[in-house]
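Note sheet for the following structure.
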């Protein structure tokens, strides 16, 4: 495990109550406080995602109108660079126009993907504003459209396609590109998606043409729905496995001190064995192995629950 883990703080996201409160109040100072909190905890980048969630509806124009106010407030509170996270090219146009790279250095544009509308314009923004770029390698191009990657080879080829695109069209170096292979909630992963992501990282790491690219996951997705007693250890155990195959960025809550567990930690062994259970045997369906993995994860969760005497 040679690579350092770079944390992208995720608290400026409407999935979190403090961010929702700040957005509802259109309170740039509240975002500045969240930014400084995460920077003080060691986050090296700060995601700004003011899109809607299940708990809040946000119109596109509301986002666009708020960006010119909130970005300077964040940059006033901390010099940590911002990762702008939105599928809309118009969001990124406004955000990057109001970002002062003299204060914080290069930002991150998150994210390019096969399904993005006006993808060429997004690539041009990466070039024009000299940004780092996150690429979603969980989607791929297919004849007539796009599709989710359902095997590691597809994810690897999607990553390779976008790296070549960004190098040739946006003048990026490999080390300015961050690949997201996707991370499913492990407790509901009945199709082997966690293993697909890890296997895709192995393929990417083994390709000399992709040497230097970074890899990222949205860590909070992994243990979603599991008991609080095991959630953080599960996330950290995943980091141990992921970093072994090339993972070096995590979108995470820095308040939870995300970091890999020692390789010999019991939770790492339990998670590794559960993921082995999720690999298809000869003649098996993905559902059969997937439910076997789910049962193994449920057993980990039961073992981690406090005993009620």
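Every number in this text was worked out from the coordinates using simple rules, so none of it is lab data. Keep in mind that this is a model prediction, so the values were computed, not measured. Glycine also receives a Cβ, built like all others from the backbone with ideal geometry; neighbour counts cover every protein chain displayed.
Using just the C-alpha positions of the chain as equal point scatterers, what log10 of I(q)/I(0) does the Debye formula give at each q in 0.07 1/Å?
Treating every Cα as an identical point scatterer, log10 I(q)/I(0) equals -0.27.
Suppose R0 equals 51 Å; then what is the FRET efficiency for residue 273 and residue 100 from their Cβ-Cβ distance, rounded to the nearest 0.05?
Values: r = 49 Å, r/R0 = 0.96.
E between residue 273 and residue 100, to the nearest 0.05, is 0.55.
Modelled label-to-label distance, residue 191 and residue 150, 7 Å Cα→beta-carbon offset: nm?
Taking the simple label geometry, residue 191 and residue 150 are separated by 0.7 nm.
What ranking do 57-68, 99-110 get when scored by the average of other Cβ atoms within 10 Å per residue, highest first?
Details: 57-68: 14.4, 99-110: 18.0.
In decreasing order of mean packing, 57-68, 99-110 become 99-110, 57-68.
Using only Cα atoms, locate the centre of the range 267-301 and the centre of the range 63-120, then give the distance between them in Å, rounded to an integer.
If you average the Cα positions of each part, the centres end up 39 Å apart.
Which length gain, in nm to one decimal place, applies between residue 53 and residue 175 when the Cα-Cα distance is subtracted from 0.36 nm times their residue separation? Display every interim value, and only then the final one.
Numbers: separation 122, 0.36 × 122 = 43.92 nm, distance 3.15 nm.
Stretched fully, the residue 53-residue 175 segment lengthens by 40.8 nm.
Output the relative contact order of the chain, whole-number percent, from Cα pairs under 8 angstrom with separation of 6+ residues. Kindly include the intermediate steps, with their values, before the conclusion.
Details: 568 pairs, mean separation 47.8, N = 309.
Answer for the chain is 15 percent.
Can you tell me the orientation of helix 28-40 relative to the chain, as the angle in degrees between its alpha-carbon axis and the longest Cα principal axis, to the nearest 10?
Computed tilt is about 50 degrees.
Please determine, in degrees from 0 to 90 and to the nearest 10, the orientation of helix 60-77 with respect to the longest principal axis defined by the Cα atoms of the chain, where the helix direction is its Cα long axis.
Its long axis makes an angle of about 90 degrees.
Among 240, 131, rank each residue by its count of other Cβ atoms within 10 Å, from fewest to most, as a rough exposure measure. Don't skip to the end; give the middle numbers.
On the way: 240 21, 131 24.
Lowest to highest Cβ neighbour count: 240, 131.
Can you compute the modelled spin-label distance between residue 209 and residue 291, with each label point 7 Å from Cα toward Cβ, in nm?
The two pseudo-label positions are separated by 4.1 nm.
Can you work out the FRET efficiency for the pair residue 6 and residue 282, with r the C-beta to C-beta distance and R0 = 45 Å, to the nearest 0.05? Walk me through the numbers before you get to the answer.
On the way: r = 39 Å, r/R0 = 0.88.
Approximately 0.70, to the nearest 0.05.
Taking R0 as 45 Å, what FRET efficiency do you get between residue 40 and residue 90 from their Cβ-Cβ distance, rounded to the nearest 0.05?
Values: r = 32 Å, r/R0 = 0.72.
The pair residue 40/residue 90 has a calculated efficiency of 0.90.
Averaging the inverse of every distinct alpha carbon separation and then flipping it gives the Kirkwood radius. What is it for the range 176-246, in angstrom units? Numbers along the way, then the final one.
Working: mean 1/r = 0.0788 Å⁻¹.
Its Kirkwood hydrodynamic radius stands at 12.7 Å.
Once the Cα gyration tensor of the range 213-309 is found, what semi-axes does its equivalent ellipsoid get, as square roots of 5 times the eigenvalues, in whole Å, sorted largest first?
On the way: eigenvalues 97, 77, 28 Å².
One finds semi-axes of 22, 20, 12 Å for the range 213-309.
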